[in-house]
Structure formats: C-alpha cells, structure tokens
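Chemist: What follows is a structure written as structure tokens; I'll ask about it next.
The values are calculated or read from the model by the stated rules, or taken from the named source; none is laboratory data. Source: prediction; values computed, not measured. Counting neighbours? That spans all protein chains shown, and the Cβs are built from the backbone with ideal geometry, glycine included. For the accessible areas, the whole protein counts, side chains as well, though only heavy atoms, and no ligand, DNA or RNA atoms are used. Shrake-Rupley method; radii C 1.70, N 1.55, O 1.52, S 1.80 Å.
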Amino acid sequence: MIAPVAQVAAVPETTPFVAPEELARRVRGAPLLRLGANESAFGPSPRAIAKMAAELPHLAWYGDPESYELREALAARHHCAVENLSVGAGIDDLLGLAVRAYVGPSGVAVTTRGSYATFDYQVRAHGAGLETVPYSDDCRPDLNALAAAARRLRPALVYLANPDNPSGYFHERDAIDTFRRALPAGTVFLLDEAYADFVARDRLLPDEIDPNMLRMRTFSKAYGLAGARVAYVIATPAAVATFQKIRVHFAVNRNAQIGALEALRDESHITAVVRDTMTGRRDYEHLASSYHLATLPSDTNFVCFDLGSRTRAERFLTAMLELGVFIRKPGVAPLDRYVRVTVGNAADRARFASCFPLALERCADVPA
Ligand SMILES: *Cc1c(COP(=O)(O)O)cnc(C)c1O
C-alpha cells in the first residue's frame, strides 16, 4: 500500500468546479451552451489563431521557458521591466505558486467567503489555513472587513479579486489604494485582476510596483484564450525570482506563448470584445427587468440575476441545464439567491433569452 504524506492525505477531496463537459455527460450527452465559466463568447483574436495554427508543426519543440518575448511585450504594456513579470499556466497555476511561496503549511490566508473558489482550493491543497469574511449585504467584497481581519489575524496573504467573481463588483482605484494601505506590514496583498481588461485603465491602480503586492492578469477572459492556459503576475524582481524558482518551467506551452503575444498586438480585437461585452451586459439587464428580476452591477463578462431565494436559483439553474444551457450559481449567502450568466454573443443571448421564461416557469412552485 502506498500512502501520501500526512499533509496531502488531510486535503479534502474537493474540486473547485464541475466542468460543462462533465455536466453534459451527466444530464444530456449533448454539448451545452456554455454560459457558465466566463469564457469569451467572442473568441480569441483571429490573428492569434492564425499564428498558433501556423506554428503547430513545431509542437515537437519545447517553448521558451523564460517566455521572454511575451514578457517583453507585457513589460511595454505595463510600463515595467521583464524582471517584474512571471508567466504561468493560468492564474489558477500562479495562485498555487503564491500560496506555496508566501503562505505555506503553517500560514494563514484571508479571503471573501464565496469569492473565487480556486484560491480556496489552492490554500487547502497546500495545507494552509483559510480565514474568510462575508460579502457585504449588497453583495460586494467588504474591504473594511477584509482589512480588519488582516489587522487582527496578521495573515501571510490577503486575496481580493477586483473585479470580483462571482459578484461582478468592481472597487474603484481609490478604494483599492486605501485598502492596501490599511493592511499590516508583512501581509502579501494578492490582487486577482482576471477581469481587469473589461475596465478602463484609469480606473485601475497605476502601473507601479508595490513591494507588498502580487497582481495577476490572464489571457483567459477578455483575450479569449482560456484553453491555452496563460497568465502572469506583476511584482517586484525578488517576488518574480521566487515564482521563477518554483514554477514548472515548461508549464506554459509554446503555442500559448505565441498566441498570447499575437493577441496582445491585436488591440482592435480587445476593444471590440470589451464593447460587445458591455452591449451584452445591457441586454441581460433588460432581459432580467422585463421579468421583474434584479441584477447585480458588473464590470466583467458576466451578470448575476436575482432569483429571490437560494432554492429558486438552484431550480432555475437545473431547468437551464435541462434546456441545454450551462450556467453557474454562487453557493454562499448573500449571493446564493443569484445565478451567474456569462455574456454570450448575440446568438447565445437570443437562445438564453428564449429559454429564460421556460426556466422561470419551472421555478413557479418554489417560493421566492
Ligand atoms: C476565471 C478566473 C481565473 C482563472 O484564470 P486562469 O488564468 O484561466 O487560470 C482567476 N481568477 C478569477 C477571479 C477568475 O474569475
């Protein structure tokens, strides 16, 4: 009998998400309309696809383990040095490295209860302690509560997604600036900016390196490259050297680097995606209000619809699944009465809108 080390044996058998492929295997066997994982309905830059396709014959080669060209382009974009950037196989990968490097089995991390689940997953996977504070009653990450918990617990690390997932809420630059100053010395501030590309640059923190911060960005959302797995962390050269030391050097595959680099160059594609996403959010808000449902404000590529109660939201989600539409819902109050729906393209939104009254009908016997 082989057995894992005690620390790993103690890790709970959770997965952060059930994938749409697995849901399709369980309920239908047919592919689902994917509006549940905040993938881009507008796809990657056609230029990036063409570049990646042209490079496919070179898949026999390892990629550049330094991702150097990509980091050079990112350094120009963020007005920093190549030494301020480490590239990983998605933010999910970088979150694990951050926990391993800065929290460790004896450390504690603080987050918002019910916010991005893969962070919690990584903390548990590394045997670290997790402390949480609730969302505010109006479904926002509560910066005052997070800062108070940080001052009380003096954790190794505080996690905040801004814009947040699953609420969609965005805290403006000044609020984030006040928050980071309220954290105790010695606490790492991990700012997950997976959806920052949907926000105007002057609403984000400026491009300066804060020695206590790890800022993470990804090509998975606005850039539409979730399946390629490529993201990066912006930090001090010392922090970047730490990431570079412990990462798996070929985790970011060659084609992902090539695609991400070309996607960065195709600025008009991103501009169009951000504009179309905003149109899609307005569409969803109108759809909700035409059925007298509220939505949460969002600066992302998804919108939360208020179904009135947890059981109703669960029933709505199941009904949508039966209708062939994959969406997700937050599991923790006060967000648990919402369903979270990714902004689809015009055709996706039309199909979602046509399923909407049918799914609502199937909730009719559940009290709001
Ligand atoms: C989607 C998402 C991620 C995952 O990003 P990858 O780069 O695909 O791993 C990370 N953080 C948040 C808040 C997300 O919503």
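Chemist: Give me the residue from the range 76-87 that is more than 16 Å from the ligand (Cβ to nearest atom) and under 21 Å from the mean Cα position of the chain (by Cα) and, out of that set, most open to solvent (accessible area, probe 1.4 Å).
Modeler: So in the range 76-87, the residues more than 16 Å from the ligand (Cβ to nearest atom) come out as 76-84.
Retained after the next criterion (residues that are under 21 Å from the mean Cα position of the chain (by Cα)): 77-78.
Numbers: Arg77: 54, His78: 8 Å².
Within the range 76-87, the match that is most open to solvent (accessible area, probe 1.4 Å) is Arg77.
Chemist: Please determine, by comparing only the residues of the range 88-99 that are open to solvent by less than 10 Å² (accessible area, probe 1.4 Å) and not in a helix (DSSP H, G or I), which one is nearest to the ligand (Cβ to nearest atom).
Modeler: Gly90
Chemist: If you don't mind, another one. Can you confirm whether Asp192 is under 16 Å from Asn162 (Cβ atoms) and open to solvent by 20 Å² or more (accessible area, probe 1.4 Å)?
Modeler: The answer is no for Asp192.
Chemist: Ok, one more. Restricting attention to the range 211-243, and to residues there that are β-branched (Val, Ile, Thr) and open to solvent by less than 20 Å² (accessible area, probe 1.4 Å), which single residue is farthest from the ligand (Cβ to nearest atom)?
Modeler: Val240
Chemist: For the subset of the range 57-75 comprising residues that are in a helix (DSSP H, G or I) and over 20 Å from Ser220 (Cα atoms), which member is least open to solvent (accessible area, probe 1.4 Å)?
Modeler: Checked the range 57-75; the qualifying residue least open to solvent (accessible area, probe 1.4 Å) is His58.
Chemist: Continuing with the same structure: Given the structure, is Ala109 in contact with a Pro (Cβ under 7 Å, 6 or more places away or on another chain), of a type in the set (Gly, Ala, Ser) and closer than 13 Å to Tyr159 by Cβ?
Modeler: Values: in contact with a Pro (Cβ under 7 Å, 6 or more places away or on another chain): yes; of a type in the set (Gly, Ala, Ser): yes; closer than 13 Å to Tyr159 by Cβ: yes.
In short, yes.
Chemist: Could you please find all residues in the range 1-30 being in a loop (DSSP other than H, G, I, E, B) and either free of Cβ contacts under 8 Å to residues at least 60 places away in the same chain or among the charged types (D, E, K, R) (or both)?
Modeler: Met1, Ile2, Ala3, Pro4, Val5, Glu13, Val18, Ala19, Arg28, Gly29
Chemist: Give the number of residues within the range 249-265 that are over 16 Å from His78 (Cα atoms) and either without any contact (Cβ under 8 Å) to a residue 60 or more places away in the chain or open to solvent by less than 30 Å² (accessible area, probe 1.4 Å) (or both). Give the derivation first.
Modeler: At the first step, the residues of the range 249-265 found to be over 16 Å from His78 (Cα atoms) are 249-259, 262.
Restricting the remaining residues to those that are either without any contact (Cβ under 8 Å) to a residue 60 or more places away in the chain or open to solvent by less than 30 Å² (accessible area, probe 1.4 Å) (or both) gives 252, 255-257, 259, 262.
Result for the range 249-265: 6.
Chemist: When the range 110-149 is examined, which residues are found to be more than 16 Å from the ligand (Cβ to nearest atom), part of a loop (DSSP other than H, G, I, E, B) and in contact with a helix residue (DSSP H, G or I) (Cβ under 8 Å, 6 or more places away or on another chain)?
Modeler: Within the range 110-149, His126, Gly127, Ala128, Pro134, Ser136 meet the criteria.
Chemist: Got at least one residue in the range 155-168 being open to solvent by less than 10 Å² (accessible area, probe 1.4 Å), closer than 24 Å to Ser106 by Cβ, away from the ligand (no atom under 16 Å from the Cβ) and part of a helix (DSSP H, G or I)?
Modeler: no
Chemist: Still on this structure, I have one more. Just checking, how many residues over the range 4-38 are β-branched (Val, Ile, Thr) and within 16 Å of the ligand (Cβ to nearest atom)?
Modeler: The qualifying residues number 2.
Chemist: Go through the range 266-297 and report how many residues are under 16 Å from Val343 (Cβ atoms), assigned to a loop (DSSP other than H, G, I, E, B) and open to solvent by less than 70 Å² (accessible area, probe 1.4 Å).
Modeler: Matching residues across the range 266-297 total 1.
Chemist: Which of the residues spanning the range 352-361 are crowded, with 16+ Cβ neighbours inside 10 Å and not aliphatic (A, V, I, L, M)?
Modeler: Correct list: Phe352, Cys355, Phe356.
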